[in-house]
Each structure stands twice: as C-alpha cells, then as structure tokens.
Amino acid sequence: MTDHTDTATANGSPGAPLWLLAELTYRCPLQCSYCSNPLDFAAVKQELTTDEWIDVLTQARAMGAVQLGFSGGEPLVRKDLETLVAEARRLGFYTNLITSALGLDEARIHALRDAGLDHIQISLQASDPDVAAAVAGSAKAHAKKLAMARAVKEAGYPMVLNVVLHRHNIDQLDTIIALCDDLGADAVELANCQLYGWAHLNRAGLLPSQAQLEAAEATTNRWRQRLAERDRDMRLLFVVPDYYADRPKACMGGWGSIFMTVAPDGAVLPCHSARMLPMDFPNAREHPLQEIWYDSAAFNRYRGDDWMQEPCRSCDERHKDVGGCRCQAYMLTGDPAATDPVCDLSPDHHLIEAARREAADDSRSAQALTLRNARESQVFCRT
Amino acid sequence: MNQTGIDTLVYRLRPGWRLQWEEAQQRHVLLYPEGMVKLNDSAGAILGQLDGQRDVATLIERLQAQFPEAPDGAIAEDVHAFLVDAQQQGWIQHD
Ligand code: SF4
Ligand code: SF4
C-alpha cells in the first residue's frame, strides 16, 4: 500500500496539542458505575462561563488544536452548548459531541446541526434495558438513547456508537452489535471500561473474566466476517481491557504530547483522569494555554523519558508505550512515575493478577455497584 | 484496474468527513469523527479537487493544468492509485 500520509518529524520540543477535550461540566443525569470522572467531582462548583470557554477554544485553536471533543459529565446540560459549537466551528475545529443522549431531542439535534456540529457519539450501556438501567442508574435512559441514535442518523450525522463493556453486559455482545447494525451505525467502539474514577472504585465488580473476554473477541470477529459478506460498512473497534494485556497502551500518545483536557473549572490536564495524581495542575483562568502546554511543571513532568525508572528506563519499548499510564501506576503502586503494572516486566505486575483474581471472586450483581452521583461523591470531597 | 472505468466515476468525501488546510501544520488534513489523517502534498491536492460533481477524468485534467511540469501520464497514474487506495481506506465514496 502506498503511503499518502505525512509523518511529522520528531524533534526535542513538544508538538502542538492537536486534540482538545472540553469537559464542559461534571453534572450528569446518569450515574454510571463505570464513570471515569473524579470521585470528588461534586467539589467542583465554579464552571467556566461561556466567554471563558470561547477564550479557551480560541487559544487552543491558535496553538494548532483541530479535533475538539465536548464531553463531561453530560455536555448537553450546558445551555450554551450550541453557542460553543458554533464558535468552535467558526474557528475551524472538527467538533465531536460525546454524550449519553439524555437532554437531546430532535429540536436540539437540528440546532446543533445548524451550529455546525460535525459528529455526535452516543454511548449505549447494553442491549437489554434491565442491565442498562442497573448500570446507569436510570430506567428510562435506554429507550431514550435508541430513539436519539435514530434521530441523529436521520439528521445525516456519521453515527459512531460507543458501548462500554464490563462483566455485566459483555455476554450480550452479540445482541449489542446486532442492535448497532439495526440502528445503522457507521462505526462501533466496543470499549472495555477503563478502570479510573468510579470504575476503579467498582473494579472488582466490573472487570470481566478471561473467558468472557475471549468469547467477546470471537463474537466480534464473527460479526466482522458477517458484515463483510453483506458488504455492510460498519467498523467494529474492540478495545481490550488493560488488565488482560501484557503491555500497557501508550497513554494519550504520551504525556503532554498531542492531547489536552480542560476540566469544567478550567483545570488544564494531560488527560481526563490526571486530576487524581498528587500534583498541581494549572488553571486556564490564571495562565495562557500556550504557557501551560509548553512551560508548566505539570505538562513537562512526564514528557520524554528522563523521568522513567527501571525497568522502563533501559527498555527498548519505552518510546512505543511511554511506560504506560501515569494514573494507573499511581492508583496501583502509589508512585506516578512507576512502570504501569499492566506491563508484565513491572515488579508490580502481581497487583494486576491479584485484581483479576479478586474480580473472579466477586459475585455482586450490577445493582450492587456504587452509583456515580453527587451524594456518593461527597464522601470523597475533602472540602 | 480498468482505468477507463475509473475515469468516469464521481468521488466525494465520506459524509461527515472534512478536508482542511492546517496553517499550524502546513499541510492538508482529513478530519473525521475523533480522528485525523495528515496528508502529503499530492494527496491534499487530489482530495481538494473532489466536489461531488467532477469525474476522475476532469480531475486529472485540472491537476495537469495546475502542475504542467509533471511528466506525461504521471499525474493520471498517481490519481488512479490514490483514489483506489483512498476508497479502500474508507475516506471517499462514489455512487
Ligand atoms: S459515564 Fe455515565 S455518569 Fe459518567 S458522565 Fe458519562 S453518562 Fe454521566
Ligand atoms: S518495561 Fe516499561 S517501556 Fe518496557 S514494555 Fe514495560 S511499560 Fe513499556
């Protein structure tokens, strides 16, 4: 195959933040037990205003950011979403709305379309309304999501569905994919839930077993074949949970490398979970993004490989996976600079094996998991 | 590949995808849901000609006028190879 792509030359200095994730709010009508929002989200009260967000978008675009995700929480909770989309589009961003679909209706789909929104990604919990209800803490959400997925398709958007997989829905994968096919999806992300935030709290009750995972991969492959035979172009992306891999993923393509998150209160982060790390992150209310990205201690902390410890430090693969995820290293070992324990070369890899065993012994139902809501969050708020 | 066949086709970008010149990167990029392809100059020039009206033959003529110093047949060959590939990758479609 010929290569039509341009490969950027890597030099010492960091490139531009091509990706901006704008977490507009932590407010959300759902209470997913796999939510990756911070446990103490309820402590964040002062959301950026419309003007402050427009300023963030303008600065990021001038720095070279081009892909923009609006997420949260539930971004539709913000009444100014249409205004922000219009402004983002005017600036030249490709605008993605990452939503649960709660708060969406046909009028709003059209208003967003008129504002220039490029893409709406809806998340589904399961094919079975009961499981979906237990996991998201809402009985009405499932029907709403399906209706809105259809409306989004009808409005002419490319349809990417996102299904967060865990042990309570992964066995339904066959009917989940059938449902996505039926909805007319162009692509489906079958993402095993990342164990951060609330998902980490519920880890033992969410992590699927090895057998479940293998069955799910086989189902996905069977569907790929079936879709190809029908000439149906629906791409299936299956994301294996880290806990069953023997090498970590290159988290965010590297710390402060292409990805920048702005949290609801203006905190600027290298990824949406980094807030949990024992360090201070600069705020867009106080510093220009340019200075934060290139010069702040936080963004330079884990750039390059000087910060690495053994076994990463002398490992040939260190530029491929950047030693894995700093949040995972911190959550599991207490040291954010440790090798991600997912790696089987890590001296802490036994922690991952223990987590798999713990999950295998956990017989809680989906209903017994801790729901992500403001009341539970108060427990984690230090203020 | 039957090249007279391909010359009558009218290609367009996949719905919802966007071609854009990025000043900061000094190149064309192809933007799609949560992703981006960084294009080299010739890929950018070819995709820039797709407007959902022109067939491939017209597109080649226009590129030839734009790059008169290119050797005979070279542009047609590049365009054919590129379009077949781009379609396989799901970047473009025809009716
Ligand atoms: S994962 Fe669920 S609870 Fe968390 S923000 Fe998304 S929809 Fe809301
Ligand atoms: S030791 Fe570190 S760099 Fe090497 S494979 Fe494991 S995580 Fe990657």
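Determine if segment A:196-209 includes at least one residue that is open to solvent by 40 Å² or more (accessible area, probe 1.4 Å), more than 14 Å from every other protein chain (Cβ to nearest Cβ), over 27 Å from A:Leu112 (Cα atoms) and more than 18 Å from the chain's Cα centre (by Cα).
yes
Pick from segment A:62-76 the residues that are at the interface with chain B (Cβ under 9 Å from one of its Cβ atoms) and not small (Gly, Ala, Ser): which of them is surrounded by the fewest Cβ atoms within 10 Å (Cβ to Cβ)?
Just the residues of segment A:62-76 that are at the interface with chain B (Cβ under 9 Å from one of its Cβ atoms), to begin with: A:62-67, A:69.
Retained after the next criterion (residues that are not small (Gly, Ala, Ser)): A:63, A:66-67.
On the way: A:Met63: 18, A:Val66: 22, A:Gln67: 23.
Across segment A:62-76, the extreme among qualifying residues is A:Met63.
The conditions are (1) at positive phi; (2) more than 9 Å from ligand 2 (Cβ to nearest atom), and A:Gly324 fails exactly one of them. Which is it?
(2)
Does segment A:77-116 hold any residues that are open to solvent by 10 Å² or more (accessible area, probe 1.4 Å) and within 16 Å of ligand 1 (Cβ to nearest atom), and which are they?
A:Val77, A:Arg78, A:Ile98, A:Ser100, A:Leu102, A:Gly103
Results for (1) in contact with a His (Cβ under 6 Å, 6 or more places away or on another chain); (2) open to solvent by less than 20 Å² (accessible area, probe 1.4 Å), shown as yes or no for each residue.
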site: B:Leu9; (1), (2): yes, no
site: B:Leu39; (1), (2): yes, yes
site: B:Val56; (1), (2): no, yes
site: B:Gln66; (1), (2): no, no
site: B:Glu77; (1), (2): no, no
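Restricting to segment A:123-155, name every residue that is at pLDDT below 90 and within 14 Å of chain B (Cβ to nearest Cβ).
Matches in segment A:123-155: A:Ser123 only.
Could you check segment A:161-175 and list, in sequence order, the residues that are within 14 Å of another protein chain (Cβ to nearest Cβ) and crowded, with 23+ Cβ neighbours inside 10 Å?
We begin by selecting, within segment A:161-175, every residue within 14 Å of another protein chain (Cβ to nearest Cβ); these are A:161-162.
Answer for segment A:161-175, where residues must be within 14 Å of another protein chain (Cβ to nearest Cβ) and crowded, with 23+ Cβ neighbours inside 10 Å: just A:Leu161.
Could you please find all residues in segment A:333-348 being within 13 Å of ligand 2 (Cβ to nearest atom), open to solvent by 20 Å² or more (accessible area, probe 1.4 Å) and without any contact (Cβ under 8 Å) to a residue 24 or more places away in the chain? Walk me through how you get there before you give the answer.
Here is the first cut: in segment A:333-348, the ones within 13 Å of ligand 2 (Cβ to nearest atom) are A:333, A:337-348.
In the following step, the residues that additionally are open to solvent by 20 Å² or more (accessible area, probe 1.4 Å) were identified as A:333, A:344-345, A:347-348.
Hits for segment A:333-348 are A:Thr333, A:Asp348.
Which residue, of A:Arg275, A:Arg303, is modelled with pLDDT under 90, more than 17 Å from A:Arg247 (Cβ to Cβ) and in contact with a Phe, Trp or Tyr (Cβ under 8 Å, 6 or more places away or on another chain)? Show your work before the answer.
Details: A:Arg303 fails: modelled with pLDDT under 90.
Of A:Arg275, A:Arg303, the one residue that is modelled with pLDDT under 90, more than 17 Å from A:Arg247 (Cβ to Cβ) and in contact with a Phe, Trp or Tyr (Cβ under 8 Å, 6 or more places away or on another chain) is A:Arg275.
Before we move on, is A:Asp321 open to solvent by 10 Å² or more (accessible area, probe 1.4 Å), more than 16 Å from ligand 1 (Cβ to nearest atom), within 20 Å of the chain's Cα centre (by Cα) and over 22 Å from A:Ala199 (Cα atoms)?
On the way: open to solvent by 10 Å² or more (accessible area, probe 1.4 Å): yes; more than 16 Å from ligand 1 (Cβ to nearest atom): yes; within 20 Å of the chain's Cα centre (by Cα): yes; over 22 Å from A:Ala199 (Cα atoms): yes.
So A:Asp321 fits the description; yes.
Under 8 Å between Cβ atoms, at least 6 apart or on separate chains: pull out the pairs that start in segment B:73-88 with a residue that is farther than 27 Å from A:Arg232 by Cβ and end on any residue that is aromatic (Phe, Trp, Tyr).
Close Cβ pairs satisfying both conditions: B:Ile75/B:Phe67.
Quick check, is A:Cys32 open to solvent by 40 Å² or more (accessible area, probe 1.4 Å), away from chain B (no Cβ under 14 Å) and either near ligand 1 (Cβ under 9 Å from one of its atoms) or modelled with pLDDT of 95 or more (or both)? Outline the logic, then answer.
Working: open to solvent by 40 Å² or more (accessible area, probe 1.4 Å): no; away from chain B (no Cβ under 14 Å): yes; either near ligand 1 (Cβ under 9 Å from one of its atoms) or modelled with pLDDT of 95 or more (or both): yes.
No, not satisfied.
Scan segment A:77-122 residue by residue and report those that are within 14 Å of chain B (Cβ to nearest Cβ) and out of contact with any helix residue (DSSP H, G or I) (no Cβ under 8 Å at 6 or more places or on another chain).
Within segment A:77-122, A:Arg90, A:Tyr94, A:Asn96, A:Arg113, A:His119, A:Gln121 meet the criteria.
Identify all residues within segment A:153-180 that are within 16 Å of ligand 1 (Cβ to nearest atom) and among the hydrophobic types (A, V, I, L, M, F, W, C); write none if there are none. Don't jump to the end; show me each part of the working.
In the first step, residues of segment A:153-180 are kept if they are within 16 Å of ligand 1 (Cβ to nearest atom); the result is A:160-166, A:168-169.
Answer for segment A:153-180, where residues must be within 16 Å of ligand 1 (Cβ to nearest atom) and among the hydrophobic types (A, V, I, L, M, F, W, C): A:Val160, A:Leu161, A:Val163, A:Val164, A:Leu165.
Report whether or not A:Trp53 is within 14 Å of chain B (Cβ to nearest Cβ) and at pLDDT 90 or above. Write out each step before concluding.
Details: within 14 Å of chain B (Cβ to nearest Cβ): no; at pLDDT 90 or above: yes.
Answer is no for this residue.
Report the residue count in segment B:18-27 for those that are surrounded by 14 or more Cβ atoms within 10 Å (Cβ to Cβ) and more than 9 Å from chain A (Cβ to nearest Cβ).
1
For segment A:144-158, name all the residues that are in a helix (DSSP H, G or I), touching a residue at least 12 places away in the same chain (Cβ under 8 Å) and small (Gly, Ala, Ser). Full working, then the answer.
Keep residues of segment A:144-158 that are in a helix (DSSP H, G or I), which gives A:144-154.
Checking which are touching a residue at least 12 places away in the same chain (Cβ under 8 Å) leaves us with A:144-146, A:148-153.
Result: A:Ala149, A:Ala151.
B:Pro33: open to solvent by 50 Å² or more (accessible area, probe 1.4 Å) and either without any contact (Cβ under 8 Å) to a residue 24 or more places away in the chain or more than 9 Å from chain A (Cβ to nearest Cβ) (or both), yes or no?
Working: open to solvent by 50 Å² or more (accessible area, probe 1.4 Å): no; either without any contact (Cβ under 8 Å) to a residue 24 or more places away in the chain or more than 9 Å from chain A (Cβ to nearest Cβ) (or both): yes.
Here the answer is no, as B:Pro33 does not meet what is asked.
Look at A:Arg27 and say whether it is of a type in the set (D, E, K, R), under 23 Å from the mean Cα position of the chain (by Cα) and in a loop (DSSP other than H, G, I, E, B).
Values: of a type in the set (D, E, K, R): yes; under 23 Å from the mean Cα position of the chain (by Cα): yes; in a loop (DSSP other than H, G, I, E, B): yes.
It is true that A:Arg27 is of a type in the set (D, E, K, R), under 23 Å from the mean Cα position of the chain (by Cα) and in a loop (DSSP other than H, G, I, E, B).
Quick check on A:Arg357: is it away from ligand 1 (no atom under 16 Å from the Cβ), buried (at least 22 other Cβ atoms within 10 Å of the Cβ) and basic (Lys, Arg)? Spell out the reasoning first.
Values: away from ligand 1 (no atom under 16 Å from the Cβ): yes; buried (at least 22 other Cβ atoms within 10 Å of the Cβ): no; basic (Lys, Arg): yes.
Taking the combined requirement at face value, the residue does not satisfy it.
The values are calculated or read from the model by the stated rules, or taken from the named source; none is laboratory data. For clarity, every value in this text was computed on a predicted model and none was experimentally measured. Note: ideal-geometry Cβ built from the backbone for every residue, glycine included; neighbour counts use all protein chains shown. Remember, those area values only see protein heavy atoms, side chains included, never the ligands or the DNA or RNA. Shrake-Rupley method; radii C 1.70, N 1.55, O 1.52, S 1.80 Å.
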